[in-house]
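Enquirer: Got a structure here, written out as structure tokens. Questions coming.
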Amino acid sequence: MTILLKGLEVANTMTHTIQKEVDGFKEQGIYPKLAIVRVGESPSDLSYEKGALKRMEKCGIKTEVHVLSQEADQSEVIKIIKSANEDASVHGILMFRPLPKHMDETMIQEQISPEKDVDGMSMINFGKVMAGEVDGFPPATPAAVMAILKHYQIEIKGKHCVIVGRSTVVGKPVAMMLLKENGTVTISHSKTENLKEVCRRADILVVAIGRGRMITKDYVKNGAVVIDVGINIDENNQLCGDVNEGDCMDIASALTPVPGGVGSVTTSILAAHVLKGCKTQWLKNHKE
Ligand code: NAD
């Protein structure tokens, strides 16, 4: 029997904890706030923004949304980021990527103050994840993977964790986060030889490829925990993961569904990060 690791359960538990902490802050006159920066009207950005706004509202976190047109000059994006950096009432900044091609995304994301960079975009926060430091912000998706494993009490220590995918936003950070929890980590990718064999060694298999239903039961060891990060649209316009869920049923001991798995936890991670930013910034301001 394969247990479905449902993201909503994790998200709701996290929301409950965050709500209580936010209430405590509000009693002291502190109102955690997230600033969202969006360029253009891409459906995936709009959908994520809707989810993020709903989750922040549930958590009691204030929001402000800055929207620029697809044709905007990058100086306008930088101006908004700088103003949010300086605004003491803003504790977290979320900027949607990719930015339009005429903008220098790497340079722009580095403008976000690392202490407000709640989606872990800056090199400083990436470096902190690589160094195993916990005072930064990892990107929301790998943090969601870790939150699911923690919520369902899946032991990582000593387990062989195989990651498929080596991107900066998912594969690499999740590998480092599993290593920090004492997993034995293998990172595999598009050039890995004998991928099926490598994956079949995993006690915990984390898949972040971007290829709909590629991972079949041939890649999964009996009893492995499978975390599917992929979000794809199949030929019938249906959302699907990188894992062929039906095929892996009864082989994996546990599996995250798509939709309803990793993706449903990311906005709660953002809320937790805004709160963490709020605490850090408050402590800093009260020391000075
Ligand atoms: P990416 O394109 O940056 O990286 C994909 C990785 O997969 C690469 O490292 C590549 O080496 C590897 N890969 C590609 N083809 C492969 C193959 N045939 N065999 C083995 N490895 C292969 O993608 P990403 O940004 O890391 O995203 C991965 C997936 O996760 C996508 O489906 C994306 O939509 C999804 N995603 C989901 C969330 C979420 O919140 N759930 C967030 C970010 C990304």
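Enquirer: Suppose every Lys and Arg Cβ carries +1 and every Asp and Glu Cβ carries -1, with no other charges. What dipole size does the chain come out with about its Cα centre, to the nearest 20 debye?
Expert: 640 debye
Enquirer: Enumerate the amide H contacts of Met95 below 5 Å, restricted to partners 5 or more residues apart or on another chain; note that Pro and chain-start residues carry no placed amide H.
Expert: Close amide H contacts, sequence-distant or interchain: Val37.
Enquirer: Once both labels are modelled 7 Å past Cα along the beta-carbon direction, what's the Lys287-Lys54 spacing in nm?
Expert: For Lys287 paired with Lys54, the spin-label model returns 3.9 nm.
Enquirer: With only alpha-carbon atoms counted, please give the Rg and Dmax of segment 118-262, in Å.
Expert: 14.4, 43
Enquirer: A further question follows. Report the full-extension gain for the segment Thr192 to Glu41: residue separation times 0.36 nm, less the Cα-Cα distance, to one decimal in nm.
Expert: 50.7 nm
Enquirer: So which aspartates and glutamates can Lys6 reach, going by Cα to Cα under 14 Å and dropping same-chain residues fewer than 8 places off?
Expert: Asp228, Glu245
Enquirer: Right, another one. Non-local amide H neighbours of His160 (under 5 Å, H modeled in plane, Pro and chain starts lacking H): which ones?
Expert: Residues meeting the criterion, in which the H sits 1.01 Å from N, are Thr184, Asp203, Ile204.
Enquirer: Assuming 0.36 nm per residue, please report the length gained on full extension of the stretch Glu86 to His16 beyond their Cα-Cα distance.
Expert: 22.2 nm
Enquirer: Report, in deg cm²/dmol and to the nearest 500, the calculated mean residue ellipticity at 222 nm for the chain, where each DSSP H run with n ≥ 4 adds -39500 (n - 2.57) and the sum is divided by the residue count.
Expert: My calculation for the chain gives -12500 deg cm²/dmol from helical runs alone.
Enquirer: Give me the one-decimal nm value for the distance between modelled label points at Glu71 and Arg211, 7 Å along each residue's Cα-to-Cβ direction.
Expert: Placing both labels 7 Å along Cα→Cβ, they lie 4.0 nm apart.
Enquirer: Using unit Cβ charges (K, R positive; D, E negative) and no other charged atoms, how large, in debye to the nearest 20, is the dipole of segment 140-262 about its Cα centre?
Expert: 480 debye
Where a number appears in this text, it was derived from the coordinates with a stated rule and is not lab data. The shown structure was predicted, so the numbers you read here are calculated from the model rather than taken from an experiment. Neighbour counts are summed over all protein chains in view; Cβ atoms, including those assigned to glycine, are modelled from backbone coordinates with ideal geometry.
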